[in-house]
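Student: This is the structure I have questions about; it appears just below.
The values are calculated or read from the model by the stated rules, or taken from the named source; none is laboratory data. The model shown is predicted, which means the values in this text are computed figures rather than measured ones. Please note: Cβ atoms are built from the backbone with ideal geometry, for glycine as well, and neighbour counts cover all protein chains shown.
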Amino acid sequence: MAVKTIEWKKDRVVMIDQRLLPQKEVYRVCRDYRAVAEAIRGMVIRGAPAIGVAAAMGVALGCLKAAEKSFDREFDRIVLCLSKTRPTAVNLFWALERMRKVYRENRDRGVEAVKRLLEEEALKIFREDIAANRQLGRFGAELLGNARHIMTHCNAGALATAGYGTALGVIRALKESGKEIEVWVNETRPLLQGARLTAWELKKEKIPATLITDNMAGYLMQKGAVDAVVVGCDRVAANGDVANKIGTYSVAVLAQRHGIPFYVAGPTSSIDINCPTGKEIPIEQRDPAEVSHIFGRALAPKGVKTLNPAFDVTPQDLISAIITEKGVIHPPYAQNIRSHVDH
Ligand code: MRU
């Protein structure tokens, strides 16, 4: 794997600091669960599946260091702390639930056994995510077929996952299958995950890519320069509405206007079957300074009012298909998502 997003090192968790990329490749060492929670909140690590993996490792790390006599209280405290970091990506809550299940089902085997099993579960979540991405990459490459010019938004690459990526997994798989492709990389204001992270990953992989500002997407589509759009997801509701990085909805509307297929790629851990529609997905509101400033430098007049929703919801009718490790979900989503997850 070209990029190591996160690593379990027995008594610590190490992650590449994504806030500093691509200028600096710095690895952060988290020695306790609070440091992992801070890293998720502060976006040292980001991207829905990567957040889930980090949360699982955070639980394992916290439990490893918990005293036997206060273990149960400490377990609840650790899970609560990690659950409060970011609200939109369902993978966080999905991973915490998996860890809670292991705890619940094995608590009577003693604290040492539970600690070991929690560590194993976190590593399992990590490995499964890479395998899921490789698998959905293959399904996606088949679906995209001969699409040559592909647009993506934000970063749904190796950095946003345990490895390989979701939307970038599809793009990688296309490349691996010998297809000639070119990627339009939307910069993705305000935090520039496209410009900083996607462009960096594609360059490392020698996949031809062109960086554009977000407001150039329509221009390119109108010129016939985009064959397909593929993006990741933070939460897929039961009816097929998808929350993803702010700006995704605008790209989907543009794609529909121009008759361009708009695909969403993500593991089934990003599907929230208990969330009926996009309206119920909590949208994280972040620091206004991310809009008024760039890399700490003010862009706007001091005191200007700003708004900073980190995600938006793309309604299901704008989505051509959803690609997971189990296959491709086509409309009607309300029916097909349920049978896909039950399968
Ligand atoms: O705020 P971020 O950087 O965590 O948002 C990331 C995204 O919106 C990604 O597109 C999504 O998590 C999918 S990552 C495989």
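Student: State all residues of region 243-263 that are of a type outside the set (Lys, Arg) and within 9 Å of the ligand (Cβ to nearest atom); if no residue qualifies, say none. Before you say what the answer is, go through the steps one by one.
Tutor: Keep residues of region 243-263 that are of a type outside the set (Lys, Arg), which gives 243-244, 246-256, 258-263.
Of everything in region 243-263, those that are of a type outside the set (Lys, Arg) and within 9 Å of the ligand (Cβ to nearest atom) turn out to be Ala243, Asn244, Ile246, Thr248.
Student: Scan region 219-231 and tell me whether some residue there is surrounded by 15 or more Cβ atoms within 10 Å (Cβ to Cβ) and out of contact with any Phe, Trp or Tyr (no Cβ under 9 Å at 6 or more places or on another chain).
Tutor: yes
Student: Let me ask something else about it. Spot the failing condition for Thr306; the list is (1) among the polar types (S, T, N, Q); (2) surrounded by 15 or more Cβ atoms within 10 Å (Cβ to Cβ); (3) touching a Pro at 6+ places or on another chain (Cβ under 8 Å), and only one is missed.
Tutor: (2)
Student: Go through region 1-41 and report how many residues are part of a loop (DSSP other than H, G, I, E, B) and under 25 Å from Lys204 (Cα atoms).
Tutor: Within region 1-41, the subset part of a loop (DSSP other than H, G, I, E, B) is 1-5, 9-12, 17-26, 31-32.
If we keep only those that are under 25 Å from Lys204 (Cα atoms) as well, we get 1-5, 17-26.
Going through region 1-41 one residue at a time, the tally reaches 15.
Student: Still on this structure: Would you check which residues across region 13-31 are surrounded by fewer than 17 Cβ atoms within 10 Å (Cβ to Cβ) and either more than 19 Å from the chain's Cα centre (by Cα) or of a type in the set (Gly, Ala, Ser) (or both) and list them?
Tutor: Matches in region 13-31: Gln23, Lys24, Glu25, Val26, Tyr27, Val29, Arg31.
Student: Hey, can you tell me all the residues within region 73-92 that are among the hydrophobic types (A, V, I, L, M, F, W, C) and in contact (Cβ under 8 Å) with a residue 24 or more places away in the chain?
Tutor: The initial filter retains those residues of region 73-92 that are among the hydrophobic types (A, V, I, L, M, F, W, C), namely 75, 78-82, 89-90, 92.
Once the filter is applied, which keeps residues that are among the hydrophobic types (A, V, I, L, M, F, W, C) and in contact (Cβ under 8 Å) with a residue 24 or more places away in the chain, region 73-92 yields Phe75, Ile78, Cys81, Leu82, Ala89, Val90, Leu92.
Student: Find the residue count for region 318-336, including only residues that are more than 13 Å from Gly137 (Cβ to Cβ) and in contact with an Asp or Glu (Cβ under 9 Å, 6 or more places away or on another chain).
Tutor: 3
Student: Go through the residues of region 314-337 one by one and say whether even a single one is at positive phi, of a type outside the set (A, V, I, L, M) and in contact with a helix residue (DSSP H, G or I) (Cβ under 9 Å, 6 or more places away or on another chain).
Tutor: There is at least one residue in region 314-337 that is at positive phi, of a type outside the set (A, V, I, L, M) and in contact with a helix residue (DSSP H, G or I) (Cβ under 9 Å, 6 or more places away or on another chain).
Student: Confirm whether Gly278 is in contact (Cβ under 8 Å) with a residue 60 or more places away in the chain and either within 16 Å of the ligand (Cβ to nearest atom) or not assigned by TED's automatic domain parsing to the domain that holds Ala173 (or both).
Tutor: no
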